[in-house]
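Quick one: the structure is below, questions incoming.
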Amino acid sequence: MMPGKKCAFTALVGRPSVGKSTLLNRMCGEKVAIVSSVPQTTRNAIRGIVNREQGQLIFIDTPGRHNSQKKINKKLMEVSERALEDSDLVLYVMDAARSPGTEEDEIASLLAPLAEKTVIAVNKMDASGSDFKRAEEFIAQHFPSAKNRCFAVSANTGQGVDELLAALYDLAPEGDTLYGDEYYTDQETGFRISEIIREQAINRLRQELPHSLYVDIADMEFKDEKLWVRAFIVVERESQKGMVVGKGGEMIKAIRLASLKNLKQIFDWKIDLDLRVKTGKDWRHNDHTLHRLIDR
Ligand SMILES: Nc1nc2c(ncn2[C@@H]2O[C@H](COP(=O)(O)OP(=O)(O)OP(=O)(O)O)[C@@H](O)[C@H]2O)c(=O)[nH]1
Ligand SMILES: [Mg+2]
């Protein structure tokens, strides 16, 4: 073991839409996880890696914790629970602009036994209506021992993020780093491409559609110095296909072009993307599909 080096698995946990994925991207300095204003954007345990002189923090982003008996939600909550079990530290993310309600109380009860290894990020300090005091009082009440590890941050501006990382490194146990310095994530190429397409789709579609779709990479091949990708946006019902395609194919075209633009910033290779829509009838109720998509 390298003397003095630190290494810690750190689970990012919090309500949906508090900015866990945005904060992860800010800490890693790269786009590791997709972001949207729609709750429950994150569906998998996504690793983002931060390397500093002190050592390595391996973050595990998780789906936002939400109460619902729906099959998919239960599956997403299992992802969050596994991440907590697998982690040395917890980064509990709160939204400074929202008052804590029942859902926040439940997360606090879940995390209370882990208070000694928890750091709290009160995020969105740049947003109007943000109230650090309110969040701090909540923490003092539920996590008295972690009171001094409660930070006002903004994932959007970067405010407070260095202090947050310093507190995490303080708590991190000594250990050998797991990944080489050049890594900021360990996601497979196909998964990353599917996530970028999903992000571009959910940011353009309304109502139930963002929750009703997933992206399937049907084929991926390197040929003539190009990555050829054939992908499907899969919706639950035949009637939803039209909205994803859009009038005269405008919507799917916009999703495809925006995805390519984003992928260009992540990958060095040229990418050819063939993007279509298909139906995976009621996939959110299908155990096999949920297992394939979520228990990766
Ligand atoms: N104003 C402001 N908005 C933020 C900040 N961080 C995140 N957001 C916004 O909050 C929304 C949710 O962000 P995400 O990062 O997807 O939130 P999340 O907690 O990962 O959400 P789930 O994956 O659904 O649990 C997006 O619209 C972000 O742009 C911040 O520091 N300030
Ligand atoms: Mg997320």
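Given the conditions (1) buried (at least 20 other Cβ atoms within 10 Å of the Cβ); (2) modelled with pLDDT under 95, report the number of the one that ILE255 does not fulfil.
(2)
Please find, within segment 60-82, the residue that is surrounded by the most Cβ atoms within 10 Å (Cβ to Cβ) out of those that are of a type in the set (S, T, N, Q) and within 15 Å of ligand 1 (Cβ to nearest atom). Lay out the reasoning, then the answer.
Our first condition is that a residue be of a type in the set (S, T, N, Q); within segment 60-82, this holds for 62, 67-69, 73, 80.
If we keep only those that are within 15 Å of ligand 1 (Cβ to nearest atom) too, we end up with 62, 67-68, 73, 80.
Values: THR62: 27, ASN67: 9, SER68: 11, ASN73: 16, SER80: 23.
Out of the qualifying residues, it is THR62.
If I ask for residues that are farther than 17 Å from PRO16 by Cβ and in contact (Cβ under 8 Å) with a residue 24 or more places away in the chain, which ones from segment 121-134 would you list?
Within segment 121-134, MET125, ASP126, SER128, GLY129, SER130, ASP131, PHE132, ARG134 qualify.
Looking at segment 1-38 only, could you name the residues that are among the charged types (D, E, K, R) and more than 8 Å from ligand 2 (Cβ to nearest atom)?
Across segment 1-38, the qualifying residues are LYS5, LYS6, ARG15, ARG26, GLU30, LYS31.
Considering only residues of segment 11-30 that are among the hydrophobic types (A, V, I, L, M, F, W, C) and within 7 Å of ligand 1 (Cβ to nearest atom), which is nearest to the chain's Cα centre (by Cα)? If you could, list the steps in order and put the result at the bottom.
Kept after step one, since they are among the hydrophobic types (A, V, I, L, M, F, W, C), are these residues of segment 11-30: 11-13, 18, 23-24, 27-28.
Still in the list and also within 7 Å of ligand 1 (Cβ to nearest atom): 18, 23.
Numbers: VAL18: 11, LEU23: 9 Å.
Selected residue: LEU23.
Moving on to the next point. So, in segment 189-214, how many residues would count as being free of Cβ contacts under 8 Å to residues at least 60 places away in the same chain and of a type in the set (Asp, Glu)?
Residues in segment 189-214 being free of Cβ contacts under 8 Å to residues at least 60 places away in the same chain and of a type in the set (Asp, Glu): 1 in total.
How about segment 276-295: which of its residues are under 24 Å from ILE46 (Cα atoms) and surrounded by 14 or more Cβ atoms within 10 Å (Cβ to Cβ)?
Taking segment 276-295 and keeping what is under 24 Å from ILE46 (Cα atoms), we get 283-295.
The answer is TRP283, ARG284, ASN286, THR289, LEU290, LEU293, ILE294.
Let me ask you something else. Can you confirm whether LEU91 is farther than 30 Å from GLU236 by Cα and within 16 Å of the chain's Cα centre (by Cα)?
Answer is yes for this residue.
Go over the candidates THR102, THR41 one by one and state the one that is assigned by TED's automatic domain parsing to the domain that holds VAL18, within 16 Å of ligand 2 (Cβ to nearest atom) and among the hydroxyl-bearing types (Ser, Thr, Tyr).
After ruling out the rest, the residue left standing is THR41.
Yes/no matrix, rows are residues, columns are (1) at pLDDT below 95; (2) more than 19 Å from LEU165 (Cβ to Cβ); (3) in contact with a Leu (Cβ under 6 Å, 6 or more places away or on another chain):
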{"residue": "SER80", "(1), (2), (3)": "no, yes, no"}
{"residue": "ASP88", "(1), (2), (3)": "no, no, no"}
{"residue": "LEU91", "(1), (2), (3)": "no, no, yes"}
{"residue": "ALA97", "(1), (2), (3)": "no, yes, no"}
{"residue": "PRO100", "(1), (2), (3)": "no, yes, no"}
{"residue": "GLU104", "(1), (2), (3)": "no, yes, no"}
{"residue": "ILE107", "(1), (2), (3)": "no, yes, no"}
{"residue": "LEU110", "(1), (2), (3)": "no, yes, no"}
{"residue": "PRO113", "(1), (2), (3)": "no, yes, no"}
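With the requirement that a residue be of a type in the set (D, E, K, R), in a strand (DSSP E or B) and in contact (Cβ under 8 Å) with a residue 40 or more places away in the chain, what does segment 217-269 give you? Quick ask: steps written out before the conclusion?
Pass one, segment 217-269, residues of a type in the set (D, E, K, R): 219, 221, 223-226, 230, 236-238, 241, 247, 250, 253, 256, 261, 264, 268.
With the extra rule that they be in a strand (DSSP E or B), the set shrinks to 219, 221, 223, 226, 230.
LYS226, ARG230 - these are the residues of segment 217-269 that are of a type in the set (D, E, K, R), in a strand (DSSP E or B) and in contact (Cβ under 8 Å) with a residue 40 or more places away in the chain.
What about SER80, is it polar (S, T, N, Q), more than 16 Å from ligand 2 (Cβ to nearest atom) and within 24 Å of LEU290 (Cβ to Cβ)?
No.
Check segment 116-135 and report whether any residue there is over 22 Å from the mean Cα position of the chain (by Cα) and within 28 Å of GLN54 (Cα to Cα).
Yes, there is a match, as at least one residue in segment 116-135 is over 22 Å from the mean Cα position of the chain (by Cα) and within 28 Å of GLN54 (Cα to Cα).
Identify the residue in segment 44-59 that is within 12 Å of ligand 2 (Cβ to nearest atom) and surrounded by fewer than 24 Cβ atoms within 10 Å (Cβ to Cβ) and, among all such residues, is farthest from GLY180 (Cα to Cα).
Among those residues, the one meeting the criterion is ASN44.
In segment 83-101, is there at least one residue being under 25 Å from GLU195 (Cα atoms), among the polar types (S, T, N, Q) and either within 13 Å of ligand 1 (Cβ to nearest atom) or without any contact (Cβ under 8 Å) to a residue 24 or more places away in the chain (or both)?
no
For segment 169-188, give me the residue count where each residue is charged (D, E, K, R) and free of Cβ contacts under 8 Å to residues at least 24 places away in the same chain.
Our first condition is that a residue be charged (D, E, K, R); within segment 169-188, this holds for 170, 174, 176, 181-182, 186, 188.
Narrowing further to those that are free of Cβ contacts under 8 Å to residues at least 24 places away in the same chain: 170, 182, 188.
So the answer is 3.
The values are calculated or read from the model by the stated rules, or taken from the named source; none is laboratory data. As the structure is a prediction and not an experimental result, all values here were calculated from the model. Cβ sites come from the backbone with ideal geometry, for glycine too, and all protein chains shown count toward neighbours.
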